[in-house]
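Chemist: Below you'll find the structure I mean.
The values are calculated or read from the model by the stated rules, or taken from the named source; none is laboratory data. Computed from a predicted model, the values in this text were never measured in an experiment. No Cβ is skipped: glycine too gets one built from the backbone with ideal geometry, and neighbour counts run over all protein chains shown. For the accessible areas, the whole protein counts, side chains as well, though only heavy atoms, and no ligand, DNA or RNA atoms are used. Shrake-Rupley method; radii C 1.70, N 1.55, O 1.52, S 1.80 Å.
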Amino acid sequence: MKASAPGKVILFGEHAVVYSRPAIAVPVTQIHVDVEVLDSPRKGIWIQAPSIDLRAELDSLPDDHPIGSAILKVFSTLRLSSPLGSGQGEGLEISIASTIPVAAGLGSGAAVSVALIRALASHLSSPLSDEQVNSLAFEIEKFHHGTPSGIDNTVITYAKPVYFMKDKPIETFKVGKPFTIVIGDTGIPAPTKESVGAVRRLRMRDQYAIEDIFNEIAQIALIGRRSIESGKPELLGELMDQNHEYLQALTVSSPELDTLVEAARKAGALGAKLSGGGRGGNMIALVDQPKAESVAGALIAAGAKRAIITEIK
Ligand code: PMV
């Protein structure tokens, strides 16, 4: 059985979302994880994931391994004490192929979980609902991030633009008019845990000022959603620029991210900001479609390790 899950970017609202403000994230279908589960004559559950150099039997993985945990969580959700005996073979072969860069804020961890959970549950003849997939993937996200908001697993499970608020019902929404963004990768791995921790310490020192910033970011996310839904994506450029300034004030930008943001604007982007945890990872720029290639080229010239052009629709 096969399943696939896209990458994602956060358009607006990262960090503030951890403090219950809204954020907007969209799937990025050019990058994806593909999982295949097959019966195997060989005993045991064998996992191969070349992009993270993994070839192992389930029992040999540490208890908190995200892939091992995802597999075990599927079994326990389906109330299976053993996964075996489900098909003709003795064991299972699970192959995980990913084109999503790891630790780059593009959702690679959540995409592996979502695709793996879906492929495995379907292989065991018990496909899970989106709600079940999402909640299992959220459990796994906790291994990666500690205290994730849940935005990654949600946008990736539903593979639609999401207006996300912690502990609120999931709101997907429609794109009134497609628009193009360019994603620039600093190539600097940036553990989300660390930037989230830095914002937490900042807030402990100056709660009122930081809450004010979160409120401004919440407004940006709200106006951003309206602009997207009403088919006025050109308004997002200005909002991205403003959101980036607030993220700088939260100390989660970096010289490399600022350089890429500036380079995109100089090359004609309508606006740009860091995306995700920050301090490395990715930035995004809104562009008129014909300018996409030249903005992507400008990002590479300014030091980006890769640039991805994607249409949000
Ligand atoms: O770095 P990413 O794309 O996984 O995004 C992190 C987003 C934060 O708001 C910083 C953290 C979170 O859990 O929402």
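Chemist: Work out from phi, with θ = phi - 60° and the Karplus expression 6.51 cos²θ - 1.76 cosθ + 1.60, the ³J(HN,Hα) of each residue of the range 117-128, listed in order in whole Hz, and give x for Gly and Pro.
Modeler: Using θ = phi - 60°, the values come out as 4, 5, 5, 5, 4, 5, 4, 8, 6, 9, x, 9 Hz.
Chemist: Given R₀ = 51 Å, FRET efficiency for LYS43-THR147 by Cβ-Cβ distance, to 0.05? Walk me through the numbers on the way to the answer.
Modeler: Working: r = 38 Å, r/R0 = 0.75.
Taking R0 as 51 Å, the efficiency between LYS43 and THR147 is 0.85.
Chemist: Please list VAL18, VAL102 from largest to smallest accessible area, probe radius 1.4 Å, with all protein chains kept in place.
Modeler: Solvent-accessible surface, decreasing: VAL102, VAL18.
Chemist: GNM on the chain, C-alpha springs below 10 Å: top fluctuator among ALA119, ALA97, ALA25?
Modeler: Between ALA119, ALA97, ALA25, it is ALA97 that shows the largest mean-square fluctuation.
Chemist: Now for a separate question. Under 8 Å for C-alpha pairs, at least 6 residues apart: give me the relative contact order for the range 138-194, rounded to a whole percent.
Modeler: 28 percent
Chemist: Using 0.36 nm times the number of residues separating LYS160 and LEU78, minus their current alpha carbon distance, what extension gain do you get?
Modeler: Details: separation 82, 0.36 × 82 = 29.52 nm, distance 2.64 nm.
Contour length minus the Cα-Cα distance gives 26.9 nm.
Chemist: Have a look at the DSSP beta bridges in the chain and tell me what percent are antiparallel, nearest 5.
Modeler: Of the beta bridges lying entirely in the chain, close to 90 percent run antiparallel.
Chemist: For the range 171-271, what class follows from the C-alpha gyration tensor (a ≥ b ≥ c being the square roots of its eigenvalues): rounded when a/c is under 1.5, otherwise prolate if a/b is larger than b/c, else oblate?
Modeler: Oblate.
Chemist: Moving on. Applying the Karplus parametrisation 6.51 cos²θ - 1.76 cosθ + 1.60 with θ = phi - 60° to the phi angles of the range 266-273, what ³J(HN,Hα) value in whole Hz is obtained for each residue in order, glycine and proline being reported as x?
Modeler: 4, 7, x, 5, 7, x, 7, 7
Chemist: Here's a follow-up. Quick check: pseudo-label points 7 Å beyond the Cα along Cα→Cβ at VAL102 and SER60, how many nm apart are they?
Modeler: Those two pseudo-labels are separated by 1.6 nm.
Chemist: Moving on to the next point. Quick one: grab the alpha carbon gyration tensor of the range 216-302, order the square roots of its eigenvalues as a ≥ b ≥ c, and give me rounded if a/c is under 1.5, else prolate or oblate depending on whether a/b is larger than b/c.
Modeler: Values: a/c = 2.41, a/b = 1.09, b/c = 2.21.
Oblate, since a/c reaches 1.5 and b/c is not below a/b.
Chemist: Tell me which of ASN153, GLY184, ILE170 sits at the most positive position along the dipole axis of the range 135-202, charges placed on C-beta atoms (Lys, Arg +1; Asp, Glu -1).
Modeler: Projecting each Cα onto the dipole axis, the largest value belongs to ILE170.
Chemist: Amide H of GLU90: which non-local residues (sequence gap of 5 or more, or other chain) have their own amide H closer than 5 Å, using H built in the peptide plane?
Modeler: HN-HN under 5 Å from GLU90: SER40, ARG42.
Chemist: If you don't mind, there's one more thing I want to ask. Please count, across the range 229-313, the pairs of lysine residues with Cα atoms under 22 Å apart that sit 8 or more places apart or on different chains.
Modeler: Step by step, the pairs that qualify in the range 229-313 add up to 10.
Chemist: Between ASP212 and GLU238, how many nm apart are label points set 7 Å from Cα along the C-beta direction?
Modeler: It works out to 2.2 nm between the two label points.
Chemist: May I pose another question? May I ask for the net charge around ALA198, where only other residues with Cβ less than 15 Å from the Cβ of ALA198 are counted and Lys, Arg are +1 while Asp, Glu are -1?
Modeler: Neighbour charge sum, excluding ALA198 itself: +3.
Chemist: Something else now. Just the accessible area per residue of the range 10-135, please: how many Å² with a 1.4 Å probe?
Modeler: The answer is 41 Å² per residue.
Chemist: What residues qualify as long-range amide H neighbours of GLU171, i.e. H under 5 Å apart, gap of 5 or more or another chain, H built at 1.01 Å from N?
Modeler: Sorted by chain and number, the residues that satisfy this are TYR163, MET165.
Chemist: Taking amide H positions as placed 1.01 Å from N in the peptide plane, with prolines and chain starts having none, which residues 5 or more places from ALA25, or on another chain, fall under 5 Å of its amide H?
Modeler: Placed amide hydrogens put LEU11, VAL162, PHE164 under 5 Å from ALA25.
Chemist: Let me ask you something else. Could you check the simple spin-label distance between SER294 and ARG205, using points 7 Å along Cα→Cβ, in nm with one decimal?
Modeler: So the two model labels end up 4.2 nm from each other.
Chemist: Another question, then. Whole-Hz ³J(HN,Hα) for each residue in the range 43-55, computed from phi via Karplus 6.51 cos²θ - 1.76 cosθ + 1.60 with θ = phi - 60°, x for glycine and proline: what do you get?
Modeler: Ordered by residue, 3J(HN,Hα) equals 5, x, 10, 9, 10, 10, 9, x, 5, 10, 6, 10, 9 Hz.
Chemist: Please work out the FRET efficiency for the pair LYS193 and ILE309, using the Cβ-Cβ distance as r and a Förster radius of 22 Å; give the result to the nearest 0.05. It would help to have the intermediate numbers written out before the result.
Modeler: Details: r = 30 Å, r/R0 = 1.34.
Step by step, r from the Cβ atoms, then E = 0.15.
Chemist: What shape does the range 142-193 have by the C-alpha gyration tensor, where a ≥ b ≥ c are the square roots of the eigenvalues, rounded means a/c under 1.5, and otherwise prolate means a/b greater than b/c and oblate the rest?
Modeler: The shape class here is oblate.
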